[in-house]
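The values are calculated or read from the model by the stated rules, or taken from the named source; none is laboratory data. Values in this document were obtained by computation on a predicted structure and should not be read as measured data. When we count neighbours, we look across all protein chains shown, and the Cβ atoms used for this are built from the backbone with ideal geometry, even at glycine. Areas reflect the complete protein model, heavy atoms only, side chains present, ligands, DNA and RNA absent. Shrake-Rupley method; radii C 1.70, N 1.55, O 1.52, S 1.80 Å.
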Amino acid sequence: MSFAAHPLWLVGFRPFFALACLAGLSLPPLWVLIYLGSLPAPAAAFTALQWHSHEMFFGFGWAVLGCFLLTSTKNWVGIRGYHGAALMFLVAAWLF
């Protein structure tokens, strides 16, 4: 079985729900540690609160939105959504 044929890559909601779950579990505690000063803030021109807003919008929010759209596309237009290598590319783009 090739890597692209793994069940994770057969439908779009699987990797994006997993990523949304990981983002929802890891980013808030990370932000709290940064907010309390236990971890240094990322070198950026914005505050810890702005970083938190950015990660919740682009990290968690876009993963859930991508998951919803990749799941519902099949029902709306009647064709198979992204899968295999194309889905891997979308996941890599989100991770980047």
Exercise. If one takes the longest principal axis of the Cα atoms in the chain, at what angle in degrees, from 0 to 90 and to the nearest 10, does the Cα axis of helix 85-95 lie?
Worked result: 10
Exercise. In the chain, what percent of the accessible surface is made up of carbon and sulfur (1.4 Å probe, ligands and nucleic acids excluded)?
Worked result: 75
Exercise. At a Förster radius of 30 Å, what calculated FRET efficiency corresponds to the Cβ-Cβ distance of A18 and A43, to the nearest 0.05?
Worked result: 0.55
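How many Å² of accessible area per residue for the chain, probe 1.4 Å?
Working: 6540 Å² over 96 residues.
For the chain, the per-residue accessible area is 68 Å².
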Problem set entry | Residues L25 and A86, FRET efficiency given R0 of 35 Å [Cβ-Cβ distance, rounded to 0.05] | 0.85
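Please work out the ratio of the alpha-carbon Rg of the chain to 2.2 N^0.38 Å and round it to two decimals.
Values: Rg = 16.0 Å, N = 96, 2.2 N^0.38 = 12.5 Å.
Output field value: 1.28.
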For this session: Rounded to the nearest 10 degrees, what's the angle between the helix 13-36 long axis and the longest principal axis of the chain, both from Cα atoms, 0 to 90?
Result: 0
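Calculate, for L33 and L95, the FRET efficiency according to 1/(1 + (r/R0)^6) with r their C-beta to C-beta distance and R0 25 Å; round to the nearest 0.05.
Working: r = 21 Å, r/R0 = 0.86.
Plugging the Cβ-Cβ distance into 1/(1 + (r/R0)^6) gives 0.70.
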Seminar exercise, completed: Relative contact order in percent for the chain (Cα pairs under 8 Å, 6+ apart) equals 45
